[in-house]
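The structure under discussion appears below in the form of structure tokens.
Readers should treat all values here as calculations from the given coordinates under stated rules, not as data from a laboratory. Everything numeric in this text was worked out from a predicted model, so none of it was measured. For neighbour counting, all protein chains shown are included, and Cβ atoms are generated from backbone atoms with ideal geometry for every residue, glycine included.
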Amino acid sequence: MKNIKLAMPSLKDARMRKNKKIPTIRYHLDEKYQYLGKGKTYSIFTYGCQGNEADSEVMAGILEQIGYVKSLDAMNADIVILNTCAIRENAEQRIWGVLGQLKGKKRENPDMIVGICGCMPQEENATNKILESYDFIDLVFGTHNKQNLPRLIYEAYMTKSKVVEVISSEGEILEEAPKIRELHHKAWVNIMYGCDEFCTYCIVPYTRGKERSRAKEDIIQEVETLVESGYSEITLLGQNVNAYGKDLGSGYTFGDLLYDLDQTGIQRIRFTTSHPRDLDEKTMQAMHDCKSVMPHLHLPVQSGDNEILKKMNRKYTCEEYLSKVRRLKELVPDLALTTDIIVGFPNETEEQFQNTIKLVEAAEFEGAYTFIYSKREGTPAASMPDSISEQEKHERLTLLNQYINKGYLAGHQRFLNQIVEVLVDGPSKNGEGMMCGYTKHLKLTHFKSNDLSLVGKMVKVKITEAKTWFMIGELCE
Ligand code: SAH
Ligand code: SF4
Ligand code: F3S
């Protein structure tokens, strides 16, 4: 297939942070594309974080606006888009695997359009590999230009070529784009995009651009509309939500936003992700004061060793981390705390790993995402010497998970015989006649019921069993 390269990624450009105002763009559809998808179907496969899930909801909105309908057979739609994640090698491996399957589908149906977007194309290596070895892909675009989807599809149809447009700028703020939300009771709400932390292992500041906050008015209005449409829960999204507003320079912070959103009448507010350095007293106070802000905090620590934290450029010590946790638990005594941890950072010694285990015990986490360090081309850690064997790293992960799993169980056991409030998601995969949902503390709870009218409602459940991964309870009348 011929290539049309409208823009190619550059890690060098992606690393730049200029001191200029980030533009807000209001979505506008060119009439020319209005009926582009009429009579055709689409599907979107989403990988990675909630940021990607939110982006996929916008792409679905754009596709439906131009006439596409969601395909019932995801692998056989007229357009199939993979919204990808580049955070670790294994995330990428999975996507190369799915692309392999799609290659066969495209052979059966040459008119199908296959698109790849999200964080992977933002990497030079990945886009080069797509150009060299994945000839059947029609569309390659990134995280900064999903709003151009109609134009890119049009170009691909008209030219029968592979269209590549990956922009490595600091990004913009897209407002008023159409959106098809996946659920009708829980919603993602972006409050900021990008990341300026530059943790040395992480690719996100390169794939997502500069830290940029949405105007508070836009966020509050979005939440008010969600309340009017019957939503009960929102999750505020950003790579570092505690840095919200810093780029706007008005002095209005994440804590202020929580207080304001509490006034909208939304029943449950969650947020992810918090950075331990930027988590401030006002945010903690808001967690105490605002009824709608849920008593759960995901606060990635990454390592329990000060030297490793320094090499990671995390800008806090274990002592500072634990002191914030203590303060939080004073303000929110029943807080459920979860985290992210990386083992096997370049040259992490056994002693440094043991320090992580000690911190896990001290912080009493009730859950964690744990990872083996994965080298990301272009990041500072990729050139750090590393003499720890793969086997050693796997053993550390296994040991760490044993401690983490104890925390999961303890986090569930503390609710035994208590009555908790569950926002019902739907039928549970845990057996016939069961439904499930999450508690305020974000504990997955299953209970016996066939009543589909409960979906999206808050119910009271008495907890009768606590397992490692979930709780079981009985619906209270
Ligand atoms: N912005 C969030 C999380 C971003 S990515 C934060 O800073 O907390 C989610 C998690 O993936 C990170 O918290 C980290 O634990 C993990 N991660 C990121 N880059 C990684 C890498 N190169 N190898 C292994 N894990 C990584
Ligand atoms: Fe990555 Fe660090 Fe930014 Fe999180 S805060 S997205 S880990 S650079
Ligand atoms: Fe992955 Fe990009 Fe999110 S790398 S974790 S999809 S920001």
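Less than 5 angstrom separates the built amide H of Lys70 from those of Tyr42, all sequence-distant by 5 or more or on a different chain.
Just check region 379-477 against the gyration tensor rule for me: Cα atoms, a ≥ b ≥ c as the square roots of the eigenvalues, rounded for a/c under 1.5, and otherwise prolate or oblate depending on whether a/b exceeds b/c.
Since a/c reaches 1.5 and a/b is larger than b/c, the shape of region 379-477 is classed as prolate.
For region 257-310, the spread of Cα coordinates along the three principal axes comes to 44, 17, 14 Å, biggest extent given first. Site pair Ala91 and Ser250 shows an inter-label distance of 3.1 nm when each label is modelled 7 Å from Cα along Cα→Cβ. Note on the chain: antiparallel DSSP beta bridges, both residues inside, total approximately 30 percent of the bridges counted. Using just its DSSP H runs of length 4 or more, each adding -39500 (n - 2.57), the chain gives a mean residue ellipticity at 222 nm of -10000 deg cm²/dmol after division by all residues. Think of it this way: in the chain, Cys49, Cys85, Cys117, Cys119, Cys195, Cys290, Cys318, Cys436, Cys476 stand alone, with no other Cys Cβ under 4.7 Å.
Per-residue 3J(HN,Hα) values for region 381-387, derived from phi via the Karplus relation 6.51 cos²θ - 1.76 cosθ + 1.60 with θ = phi - 60°, read 5, 4, 9, 7, x, 9, 10 Hz in sequence order (x marks Gly and Pro). Each peptide in 384-393, 243-252 gets a packing score, the mean of other Cβ atoms within 10 Å over its residues, and the list from highest to lowest is 243-252, 384-393. Taking R0 as 30 Å, what FRET efficiency do you get between Ser387 and Asn313 from their Cβ-Cβ distance, rounded to the nearest 0.05? The value I calculate is 0.90.
How much FRET efficiency would the formula 1/(1 + (r/R0)^6) give for Ala362 and Thr225, where r is the Cβ-Cβ distance and R0 is 45 Å, rounded to 0.05?
In this case the efficiency is close to 0.60.
Placing +1 on each Lys and Arg Cβ and -1 on each Asp and Glu Cβ, with no other charges, gives region 321-392 a dipole about its Cα centre of roughly 380 debye. The three principal axes of the C-alpha atoms in region 115-237 carry coordinate ranges of 48, 39, 21 Å, sorted with the longest axis first.
Which shape class, rounded, prolate or oblate, goes with region 1-107 when its Cα gyration tensor gives a ≥ b ≥ c as root eigenvalues, a/c under 1.5 marks rounded, and past that a/b bigger than b/c marks prolate?
On the way: a/c = 1.73, a/b = 1.15, b/c = 1.50.
Here region 1-107 falls in the oblate category.
The charge dipole of region 184-300, taken about its Cα centre with unit charges on the Cβ atoms of Lys, Arg (+1), Asp and Glu (-1) only, comes to about 340 debye. Please work out the FRET efficiency for the pair Lys462 and Asn109, using the Cβ-Cβ distance as r and a Förster radius of 35 Å; give the result to the nearest 0.05. Efficiency, rounded to the nearest 0.05: 0.10. In the chain, a dipole from Cβ-located charges (positive for Lys and Arg, negative for Asp and Glu) runs towards its positive end, and of Thr468, Asn355, Asn313 it is Asn313 whose Cα lies farthest in that direction. The ellipsoid that matches the Cα gyration tensor of the chain has semi-axes, each √(5λ) in whole angstrom, of 35, 28, 23, with the longest given first. Would you mind classifying region 53-102 by shape? Square roots of the alpha carbon gyration tensor eigenvalues, ordered a ≥ b ≥ c; an a/c under 1.5 is rounded, otherwise it is prolate if a/b is larger than b/c and oblate if not. Oblate, since a/c reaches 1.5 and b/c is not below a/b.
Per-residue extension of 0.36 nm, minus the Cα-Cα distance of Leu475 and Asp451, leaves a gain of 7.5 nm for this segment. Phi angles of region 337-343 translate, via the Karplus equation with coefficients 6.51, -1.76, 1.60 and θ = phi - 60°, into HN-Hα couplings of 10, 10, 8, 10, 9, 10, 10 Hz per residue; Gly and Pro are given as x. Most tightly packed first, judged by the mean number of other beta-carbon atoms within 10 Å of their residues, the peptides 408-420, 210-222 read 210-222, 408-420.
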